[in-house]
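What follows is a single structure, written as structure tokens, with notes after it.
A short reminder: the numbers here are calculations on the coordinates, not readings from a lab. This is a predicted model, so every value here is computed, not measured. Please note: Cβ atoms are built from the backbone with ideal geometry, for glycine as well, and neighbour counts cover all protein chains shown.
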Amino acid sequence: MAEPIPAQKSPYGIDVVAGQEYWWCACGRSKSQPFCDGSHRGTGLAPQGWTAAKTEKVWFCGCKSSASKPLCDGSHNRLR
Ligand code: FES
Ligand code: FES
């Protein structure tokens, strides 16, 4: 299985809608960050589904190293 690669070393702020499901790119290869565009094919990695509880702005992890995937937990600050 391939390793996730950082799409960027900071989160993506996205306005989400309550009840809507989002497919976060876990592999880092999507051209439509932070969401999956199918580019994970062949990597053994898969997107992670996430449903918004509220209509609000959330911060999706761009570095793919968060311990609270798919959301940013600040882990990008520890990347070199
Ligand atoms: Fe990255 Fe689908 S393109 S998980
Ligand atoms: Fe990945 Fe913040 S962008 S933990």
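List of remarks:
- Segment Ala67..Val17, full-extension length gain: 15.7 nm, with 0.36 nm per residue of separation and the alpha-carbon distance subtracted.
- Rounded to the nearest 20 debye, dipole of the chain from Cβ charges on Lys, Arg, Asp, Glu: 280
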